[in-house]
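Below: the structure, in structure tokens.
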Amino acid sequence: MTQIKSRGTVNIATERCKGCELCIPVCKPEVLRMSTNRNKLGMRYPELLPGCTGCTACLLMCPDFCFEVYRYQEPILHEVDV
Amino acid sequence: MSSGSDILQTDAPPSQPAEKLCAFKPDLLLSEDHHLCPGCGEPIAVRMMLEAIKELECSRRAVGVIGIGCYTALTGIIDTDLVQALHGRAPSVATGTKRMLPNGLVYTLQGDGDMVNEGLQEVIHSAARGENITCILLNNGVFGETGGHMTASTVVGQRTKNTIDGRDAKEHGQPILISEMLAQLSGTAYVARCGVFNASQTVHTKRILRKAFQTQLDGKGFSFVEILTMCPTGWFVPVPEGPDYLENVLGSVHKLGELKCE
Ligand SMILES: Cc1ncc(C[n+]2csc(CCOP(=O)(O)OP(=O)(O)O)c2C)c(N)n1
Ligand code: SF4
Ligand code: SF4
Ligand code: SF4
Ligand SMILES: [Mg+2]
């Protein structure tokens, strides 16, 4: 077991997502990945894993305005199986 | 604590104390919903443009003159004053608008088909006259809205609907590099090319837009920003590969940088 820190987080409007995946490679800590489920548009959408820094890169690259980005006052710790 | 293998909940604002760094949409956009394709670069560029206008505190002074292309569909949600121009005529309409409203921040929003094909002389003459306006070009190297055909800025080798084996210089000629062309004119005060193919270049695009608008606010003359944007639909490129294609294929010919800053 180890701990991962999230300094930030995102609110994702998954129902609006068109599944373009532009948000995935710009997330430097690699904490976004595409879902296996699909939304009502029939698209896969991003899901968040622990370790978001609140850098806003995903928001900057999303053509469909699906992200809102927050920075925690105190970082959140997550227990992770290695 | 949560288990790290868990997918975190992201369907609402966080429950723990947190500062909102950035909202879904910029203040000058009325809605997040639009019908542009998955992976289109145009809404990304428009976000940067609207944030730049807001940061310069020009929301109520800004008047956009809009060309005709996919970006025209965003006029229903852009919250600045707007005029719809005929194809390619936006720089001339902006000239008249600025002369009538000298305190306005007058910008055009045009595509490469609109500006570099259909209305090329409009932008050249407006720039040559040194009109105190800001022209913004969304360059994706295709007539996106009408199906992805070659424009005057399509690069050699680029596949489009009517250059299916790639643009061939012998048959179709060489592309026009509009920023380089306009930078030569003594009427232009600021000319720069940028692209929205990654997050840092997108932030840089906003910086360039702010400089261009500031050029106009300072009364220095014609300012021009060319923004390279993804059009995976027009390019026959898988949607996630759009940014790399833009950087490597269009970006290697339409080179990024500030060409003129007076
Ligand atoms: C005078 C005139 N000719 C042709 C058209 C058809 N038309 C509409 S949009 C468009 C393509 C615009 O291409 P571009 O400006 O590059 O914008 P994009 O869709 O690529 O963003 C064309 C040819 C028109 N509306 N008016
Ligand atoms: S804010 Fe940054 S770290 Fe967090 S999900 Fe978005 S790109 Fe990744
Ligand atoms: S960039 Fe936006 S629309 Fe594209 S997959 Fe990510 S959230 Fe969905
Ligand atoms: S055709 Fe190209 S420019 Fe038009 S909305 Fe689709 S991706 Fe964007
Ligand atoms: Mg175009």
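The values are calculated or read from the model by the stated rules, or taken from the named source; none is laboratory data. Bear in mind that the values here come from a model prediction, so they are computed numbers and not experimental data. Virtual Cβ from ideal backbone geometry, glycine too; neighbours counted across all protein chains shown. SASA here: full protein model, heavy atoms, side chains in, ligands and nucleic acids out. Shrake-Rupley method; radii C 1.70, N 1.55, O 1.52, S 1.80 Å.
Pull up region B:19-42, narrow it to residues that are out of contact with any Ser or Thr (no Cβ under 7 Å at 6 or more places or on another chain) and not in a loop (DSSP other than H, G, I, E, B), then point me to the one that is surrounded by the most Cβ atoms within 10 Å (Cβ to Cβ).
Residue satisfying both the conditions and the ranking: B:29.
Looking at region A:49-72 only, could you name the residues that are touching a strand residue (DSSP E or B) at 6+ places or on another chain (Cβ under 6 Å), surrounded by fewer than 23 Cβ atoms within 10 Å (Cβ to Cβ) and more than 13 Å from residue B:22 (Cβ to Cβ)?
A:51, A:53, A:72
Search region B:59-77 for residues being within 13 Å of another protein chain (Cβ to nearest Cβ) and either open to solvent by 10 Å² or more (accessible area, probe 1.4 Å) or not in a helix (DSSP H, G or I) (or both), and hand back the single one that is farthest from ligand 4 (Cβ to nearest atom).
Once the filter is applied, the top-ranked residue is B:77.
Using the structure shown, decide if residue B:56 is away from chain A (no Cβ under 14 Å), at pLDDT 95 or above, surrounded by fewer than 23 Cβ atoms within 10 Å (Cβ to Cβ) and in contact with a Phe, Trp or Tyr (Cβ under 6 Å, 6 or more places away or on another chain).
In short, yes.
Kindly establish whether residue B:236 is more than 16 Å from ligand 3 (Cβ to nearest atom), over 11 Å from residue B:40 (Cα atoms) and open to solvent by 10 Å² or more (accessible area, probe 1.4 Å).
Taking the combined requirement at face value, the residue satisfies it.
Does residue B:253 meet the test of being assigned to a helix (DSSP H, G or I) and either of a type outside the set (Gly, Ala, Ser) or over 14 Å from the mean Cα position of the chain (by Cα) (or both)?
No.
Here is a list: A:19, A:42, A:54. Which entry is more than 7 Å from every other protein chain (Cβ to nearest Cβ) and at pLDDT 95 or above?
Sole residue among the options that is more than 7 Å from every other protein chain (Cβ to nearest Cβ) and at pLDDT 95 or above: A:42.
Filtering region B:102-157 down to residues that are among the polar types (S, T, N, Q) and near ligand 5 (Cβ under 10 Å from one of its atoms), which residue is nearest to the other protein chains (Cβ to nearest Cβ)?
Once the filter is applied, the top-ranked residue is B:140.
Please state which one of B:186, B:200 is within 14 Å of chain A (Cβ to nearest Cβ), more than 16 Å from ligand 4 (Cβ to nearest atom) and under 26 Å from residue B:259 (Cα atoms).
It is B:200.
Can you pull out every residue in region B:78-127 that is part of a loop (DSSP other than H, G, I, E, B) and open to solvent by 20 Å² or more (accessible area, probe 1.4 Å)?
Scanning region B:78-127 gives B:79, B:86, B:87, B:89, B:101, B:102, B:103.
Taking region A:1-24 as the region of interest, how many residues are outside any strand (DSSP E or B) and within 24 Å of residue B:230 (Cα to Cα)?
Result for region A:1-24: 12.
Answer with yes or no whether residue B:160 is hydroxyl-bearing (Ser, Thr, Tyr), closer than 28 Å to residue A:63 by Cα, within 16 Å of ligand 5 (Cβ to nearest atom) and buried (at least 24 other Cβ atoms within 10 Å of the Cβ).
Taking the combined requirement at face value, the residue does not satisfy it.
May I ask you to list the residues in region B:1-10 that are open to solvent by 40 Å² or more (accessible area, probe 1.4 Å) and facing chain A (nearest Cβ under 7 Å)?
B:1, B:3, B:5, B:7
Give me the pairs: first residue in region B:231-252 and more than 21 Å from residue B:113 (Cβ to Cβ) and within 15 Å of ligand 4 (Cβ to nearest atom), second residue open to solvent by 10 Å² or more (accessible area, probe 1.4 Å) and of a type in the set (D, E, K, R), beta-carbon distance under 6 Å, and six or more apart or on different chains, which are they?
As it stands, the answer is B:240/A:21, since those pairs meet every condition given.
Limited to region B:155-195, what total is found for residues that are free of Cβ contacts under 8 Å to residues at least 40 places away in the same chain and either among the small types (Gly, Ala, Ser) or touching a Ser or Thr at 6+ places or on another chain (Cβ under 8 Å) (or both)?
Residues meeting the conditions: 6.
If you scan region A:25-72, which residues turn out to be part of a helix (DSSP H, G or I) and either of a type in the set (S, T, N, Q) or away from ligand 4 (no atom under 16 Å from the Cβ) (or both)?
Across region A:25-72, the qualifying residues are A:25, A:26, A:57, A:58, A:59, A:60.
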